[in-house]
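The values are calculated or read from the model by the stated rules, or taken from the named source; none is laboratory data. Here the structure is a predicted model, which means the values were calculated and not measured. For neighbour counting, all protein chains shown are included, and Cβ atoms are generated from backbone atoms with ideal geometry for every residue, glycine included. The area values use the complete protein model at the heavy-atom level, side chains included, leaving out ligands, DNA and RNA. Shrake-Rupley method; radii C 1.70, N 1.55, O 1.52, S 1.80 Å.
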Amino acid sequence: MRRSLVVGNWKMNGTLASGKALVQEIVSGLDNTNADIAVCPPFIYLSEIDKLLQGSHLKFGAQNIADQESGAYTGEVSASMLKEINCTYALVGHSERRSYYGDTNETVAARFNQALSQDVCPILCVGETLEQREQDKTFQVIDEQLNAVIDLVGIESFAKAVIAYEPVWAIGTGKTASDEQAQEVHQYIRQQIAKRDQSIADNMQILYGGSVKPDNAKALFAMADIDGGLIGGASLDAESFLGIYNSI
Ligand code: 13P
């Protein structure tokens, strides 16, 4: 039986004070450990958030991670730096990184590899644009995004990773994929992993992201291959984030 996971991606929002208040509200409202839960604040807030979360069921992650180990890479944050502050997860290949900051399937694979090297659990984000969906290229895009990582790190590494399917057209638009649309792609992703390793596929947490709210989470999470969510906007409010977590 796979455990479910709900992750909040704060993106570039809030202040240190509002972020601290948000995690305190989440921690005090968490009344069960039925599923895993984490928040991904901006880098600069992570060590302050770490202090608030020690011993808590709520974990934290980074929104990105360097594709190199160390050195002259201005503006990047390495896996060992994140490990040093107890960071549990790192998003890699979020569609906003791919579309605005030039992340490619190859650099995403390198980031994934760096995360693993320090036991930071990578959350590999994959998903198609509206144009790609309309051209029936969804599965091809998912294959390319997955294969680049599998080719670099090997399928065994997926035993220590999470995948998030985030259709780009559903992110921040209020247009959620229907439960069946999301399930179809989740099932496809699991099959691609299963072709290489059945047991890793059976245990893999595959999250759905894109306009998840308390009122649509329950039906999405009830689908056979959806093991939780990667939440943007609704994770900035403790009540709605906890509402999503509690609908697991
Ligand atoms: P929204 O939940 O705001 O659509 O964002 C989803 C997302 O990009 C999470 O990483």
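A few points about this structure:
- Segment GLN24..GLN68, full-extension length gain: 12.5 nm, with 0.36 nm per residue of separation and the alpha-carbon distance subtracted.
- Working from label points 7 Å from Cα in the Cα-to-Cβ sense, the ARG3 to ALA222 distance is 2.5 nm.
- Candidates per chymotrypsin sites (Phe, Trp or Tyr not before Pro) in region 52-160, loop by DSSP, up to 11 other Cβ within 10 Å: TYR101
- Residues whose amide H lies under 5 Å from that of TYR89, counting only those 5 or more places away or on a different chain, are PHE60, GLY61, ALA62, CYS121; hydrogens are built 1.01 Å from N in the peptide plane.
- Estimated inter-spin distance, THR15 and GLU184, nm [label 7 Å along Cα→Cβ]: 4.6
- Whichever aspartates and glutamates have a C-alpha closer than 14 Å to that of LYS20, once near sequence neighbours (fewer than 8 apart) are set aside: GLU48, ASP50, ASP237
- Among the helices of the chain, none built from whole DSSP H runs has Cα atoms reaching 30 Å or more along its own axis together with a mean Kyte-Doolittle hydropathy of at least 0.5.
- Every helix of 4 or more DSSP H residues in the chain counts as -39500 (n - 2.57), and over all residues that averages to -12500 deg cm²/dmol at 222 nm.
- With q set to 0.11, 0.12, 0.17 Å⁻¹, the log10 of I(q)/I(0) for the chain, from the Debye formula over equal scatterers at the Cα positions, is -0.52, -0.63, -1.35.
- Region 11-114, accessible area per residue, ligands and nucleic acids excluded (1.4 Å, Å²): 50
- Rg over Rh for region 29-148 works out to 1.02, both radii taken from alpha-carbon positions and Rh defined as the Kirkwood radius.
- Packing rank of 24-34, 236-246, where each peptide gets the mean count of other beta carbons within 10 Å, highest leading: 236-246, 24-34
- Over 22 Å between alpha carbons, listed pairs LYS83/LYS218; LYS137/LYS160; LYS83/LYS160; LYS160/LYS195; LYS11/LYS51: LYS83/LYS218; LYS137/LYS160
- For the chain, excluding the exposed loop sites themselves (trypsin sites (Lys or Arg not before Pro), DSSP loop, at most 16 other Cβ atoms within 10 Å), the longest remaining stretch covers 4-136.
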